[in-house]
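Below: the structure, in structure tokens.
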Amino acid sequence: MINSLQDTIKLNNDVEMPGVGLGVFQVENDATVEIVKNAIEAGYRSIDTAAIYGNEAGVGKGITLALASTGLKREDLFITSKVWNSGLSYAETVAAYDESLQKLGLDYLDLYLIHWPGKNKYAESWRALEDLYKEGKIKAIGVCNFNISHLQDLLKTARVIPVINQVEFHPRLQQLALRSFCKEHNIQLEAWAPLMQGGLLENQIIAKIAEKYGKSNSQVILRWDIQNGVVTIPKSVRKERMTQNADIFDFNLTDEELEVLNAMNLDKRVGPDPEEFDF
């Protein structure tokens with residue numbers, strides 16, 4: 001069980017990844033500098049960005065400032081980025097990785113992901129990620145938004161099993177079949193939009209549980225993630241909210257409370273369905 005922001009889970013290649021991190025989706029590049037610095041100073045060690053977010057340079061500057069202010073070393077952090085769908089050929093993927101490193105100002109990434117499967121677009125890109133990994137340029141490789149059908153197709157030819165499948169996951173979209181498939185193949189599930197992009201922050205079912213512990217809805221949801229063994233990367237732009245999101249290690253949801261949250265599933269998305277969305 002994850003008991004602090006620094007606690008890690010072991011991926012299928014034995015790389016250690018923090019169980020809770022910070023996502024920076026839809027954060028402006030300039031604003032990202034201070035947000036990432038604040039997050040690392042507050043104890044976060046995992047930062048998740050992507051080429052399409054347009055803020056890798058800001059993330060990199062924030063990392064540099066935080067390392068200077070905290071005395072931490074690069075290897076104390078776990079940095080993730082993703083290759084975008086517009087360039088998923090082998091050569092384009094390698095070039096995208098190099099560009100992300102350049103913008104971030106880093107020598108390597110801890111985790112590099114294919115952002116979306118698209119319609120059969122990922123085979124060459126995965127081969128490029130495998131080679132970058134085998135060359136020691138990435139600590140771990142994985143995918144985002146892959147349904148079971150995409151994973152089954154990928155695993156037919158993969159030389160390296162993805163360590164992560166990062167997907168939309170929250171109490172209204174619990175991805176039960178996908179979670180089971182990933183567990184069977186030792187692929188760690190990671191949640192984006194764990195708070196349903198704010199859609200559950202006023203939910204009264206969750207609020208009743210939160211009141212018992214003197215916590216917020218977001219804290220209860222993130223605790224539910226942890227107790228379900230799901231890596232989670234909530235987004236927050238305010239330092240006080242980051243701190244609040246991290247204050248989830250002093251209580252445990254009971255089996256009955258977990259069941260209440262589990263019963264909330266509606267298979268409802270706030271993002272695109274990977275099976276239908278081609279871009």
Next item on the list: Of the conditions (1) part of a loop (DSSP other than H, G, I, E, B); (2) without any contact (Cβ under 8 Å) to a residue 24 or more places away in the chain, residue 3 clears all except one; give me its number.
Entry: (2)
Next item on the list: For segment 12-23, indicate whether the set of residues that are under 15 Å from the mean Cα position of the chain (by Cα), in a strand (DSSP E or B), of a type in the set (Gly, Ala, Ser) and under 26 Å from residue 99 (Cα atoms) is non-empty.
Entry: yes
Checklist line | Test: residue in segment 172-187 that is buried (at least 21 other Cβ atoms within 10 Å of the Cβ), more than 19 Å from residue 271 (Cβ to Cβ) and within 21 Å of the chain's Cα centre (by Cα) | finding: yes
Next item on the list: Report yes if residue 240 is touching a Gly at 6+ places or on another chain (Cβ under 8 Å), closer than 19 Å to residue 20 by Cα and charged (D, E, K, R), otherwise no.
Entry: no
Next item on the list: Only residues that are within 17 Å of the chain's Cα centre (by Cα), closer than 23 Å to residue 84 by Cα and not β-branched (Val, Ile, Thr): list them for segment 29-53, please.
Entry: 46, 48, 50, 51, 53
Notebook entry, point to check: So residue 184 clears everything in (1) farther than 24 Å from residue 86 by Cβ; (2) in contact (Cβ under 8 Å) with a residue 12 or more places away in the chain except one condition, right? Which one?
Noted result: (2)
Notebook entry, point to check: Could you say which residue among 232, 157 is within 24 Å of residue 111 (Cα to Cα), of a type in the set (Ser, Thr, Tyr) and without any contact (Cβ under 8 Å) to a residue 40 or more places away in the chain?
Noted result: 157
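The numbers here are math on the coordinates, done by the rules we state, and not lab data. Quick caveat: nothing in here was measured; it's all calculated off a predicted structure. Heads up, the Cβs are rebuilt from the backbone with ideal geometry, glycines too, and the neighbour counts pull from every protein chain shown.
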